[in-house]
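Input: a single structure, listed below in structure tokens.
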Amino acid sequence: MVLVKMLMEIALPKMGELLAVMMTMISPSGREVPPTESSAGGQKSKPLIYQKMGTEGGPRRPQPTRACLGGMAHPASARLRLQCIKMCSAPAAPGGSKKTVWVWTENRQVMTAAVERGWNTFLFGSKDVGKDWSSTARIHPLFIDGLEIFDEGNQKVAAISEISSPGGLQLIQPDNVEVQNTVIHFRGDWQVIPAENIVAAFQGCAGIVLAVSTNSTEAQVFLEALEQGLDGVVLKVEDMDDIIKLKDYFDRRNEAKSQLQLTKATVSKVEVVGMGDRVCVDLCSIMRPGEGLLVGSYARGMFLVHSECLETNYIASRPFRVNAGPVHAYVTVPGDKTSYLSELQSGREVIVVDQNGLWRTSIVGRVKIESRPLILVEAKENSGNGTYSIFLQNAETVALIGPDRGSGGRTAIPVTSLKVGDEVLVRKQGGARHTGIEIQEFIVEK
């Protein structure tokens with residue numbers, strides 16, 4: 001009996017391993033079999049991985065099939081796909097990342113305008129034309145050959161993909177791209193939705209994706225798709241005005257990355273003055289607490305007027321609206337310019353500023369001018385001698401923005417509770433203006 005017991009203790013673990021091998025052979029190729037419990041001692045047997053046997057009888061690695069390559073027939077394409085997938089796992093580039101602009105034109109004036117604005121990559125259909133233009137300006141020529149783009153050294157730098165149908169759009173995916181840089185030429189009426197699909201598919205991938213644009217407005221659509229936009233555009237134009245407009249667009253984008261200097265001012269006067277025509281500015285975007293428009297009676301000092309984004313007991317919040325003041329007041333617009341509130345209309349742009357001076361552009365959707373009771377507010381600069389004023393509607397929903405007081409302090413101060421001694425934020429700037437543009441001249445405003 002003792003001998004039988006000893007034989008059982010030796011044999012049972014071996015039987016467990018044999019059982020594991022049998023289960024592995026039954027399982028699909030390459031699948032790992034989980035550990036099994038031995039009936040003796042409770043120890044886990046080592047996991048086994050089944051390897052396919054080649055026709056020669058020796059073990060070999062399974063060869064990649066079309067299915068495991070994601071529908072691609074060639075292993076080289078698989079390597080590109082794997083590289084792209086790895087890149088896509090990284091965080092996407094921010095919306096403010098640098099954009100690429102290539103210019104495709106036969107007009108030398110367009111070339112000159114582009115070079116003057118810092119764009120020196122040009123596409124040509126002929127090497128002779130590229131060499132001729134290179135003799136008059138320092139440019140980086142690229143040459144189109146069919147649906148491929150080459151540099152001066154005859155190295156392929158990009159491929160052109162034409163899209164004229166939903167089926168064509170499906171082919172422009174990271175899995176199918178064989179070069180890093182892709183130029184997409186949309187052939188059809190639909191552009192916005194395809195551009196958004198491209199942005200979503202290629203975000204975070206290596207290389208750049210550009211879209212051919214035939215005017216500056218079209219270029220902006222591609223650069224703003226899904227907020228982040230494509231990596232850039234190929235501007236195919238013959239009018240230098242499109243170059244100028246696109247550069248102005250980029251200038252406005254770059255300005256938005258900067259921070260405006262806001263100054264503390266102390267309220268010195270609050271007075272009810274009577275009726276006036278006040279302007280409500282309704283924007284096409286939502287404002288957050290602490291954001292508003294810069295408005296003032298004098299261009300030299302603009303108050304930060306809060307939006308109607310805060311909840312009240314009497315009226316629903318309107319986070320798209322700023323009750324900005326009367327028709328005569330100035331409001332800050334892009335390009336370091338001012339406009340009269342009475343001049344604003346649908347489609348114009350203004351800048352939205354927060355209490356830290358960070359700002360962005362926003363489109364005016366509607367302007368409402370109505371007769372309402374007004375309050376005069378005057379404030380003196382804390383660190384200087386400047387005195388500024390603004391008229392605002394006498395209503396609880398109208399507020400000025402003050403310095404950040406922490407979690408317990410007020411950021412938005414309703415004009416109905418504003419009092420002498422309160423601190424508000426203003427922006428100091430040049431007071432002399434001509435058609436909204438700051439000029440150097442003597443001026444007195446009071």
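The values are calculated or read from the model by the stated rules, or taken from the named source; none is laboratory data. Computed from a prediction, not measured in an experiment: that's the story for all the values here. Cβ: placed from backbone, ideal geometry, glycine included. Neighbour counts: every protein chain shown.
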Quick count over the stretch 222-243, residues being under 17 Å from W102 (Cβ atoms) and assigned to a helix (DSSP H, G or I), is 5
Has the stretch 251-261 got at least one residue that is surrounded by 14 or more Cβ atoms within 10 Å (Cβ to Cβ) and of a type in the set (S, T, N, Q)? no
Output the residue which, of all residues in the stretch 176-195 that are surrounded by fewer than 18 Cβ atoms within 10 Å (Cβ to Cβ) and either outside any loop (DSSP other than H, G, I, E, B) or of a type in the set (A, V, I, L, M, F, W, C) (or both), is modelled with the highest pLDDT. H185
So, first residue in the same structural domain as F122 (by TED's automatic domain parsing) in the stretch 137-148, second residue of a type in the set (D, E) and not in a strand (DSSP E or B), Cβ within less than 9 Å, six or more apart or across chains; the pairs are H140/D151; H140/E152; P141/D151; P141/E152; L142/D151; L142/E152; F143/D151; F143/E152
Before we move on, is G325 touching a residue at least 12 places away in the same chain (Cβ under 8 Å) and surrounded by 22 or more Cβ atoms within 10 Å (Cβ to Cβ)? yes
When T338 is run through (1) touching a Lys or Arg at 6+ places or on another chain (Cβ under 7 Å); (2) modelled with pLDDT of 95 or more; (3) crowded, with 17+ Cβ neighbours inside 10 Å, the failure sits at (2)
Is it true that V331 is buried (at least 17 other Cβ atoms within 10 Å of the Cβ) and either at pLDDT 95 or above or of a type in the set (D, E, K, R) (or both)? yes
Number of positions in the stretch 232-270 that are modelled with pLDDT of 90 or more and among the charged types (D, E, K, R): 9
What pairs come up if the first residue lies in the stretch 250-267 and is closer than 18 Å to A219 by Cβ, the second is modelled with pLDDT of 75 or more and hydrophobic (A, V, I, L, M, F, W, C), and their beta carbons are under 7 Å apart, counting only those six or more places apart or on different chains? A256/W359
Which one of these is within 35 Å of the chain's Cα centre (by Cα) and either modelled with pLDDT of 90 or more or more than 12 Å from V305 (Cα to Cα) (or both): S407, S389? S407
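Could you check the stretch 275-290 and list, in sequence order, the residues that are small (G, A, S) and at pLDDT 95 or above?
Just the residues of the stretch 275-290 that are small (G, A, S), to begin with: 276, 285, 290.
G276 - this is the single residue of the stretch 275-290 that is small (G, A, S) and at pLDDT 95 or above.
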Within the stretch 244-263, how many residues turn out to be in a helix (DSSP H, G or I), touching a Lys or Arg at 6+ places or on another chain (Cβ under 8 Å) and not hydrophobic (A, V, I, L, M, F, W, C)? 1
When you scan the stretch 289-309, how many residues do you find that are buried (at least 17 other Cβ atoms within 10 Å of the Cβ) and not in a strand (DSSP E or B)? 5
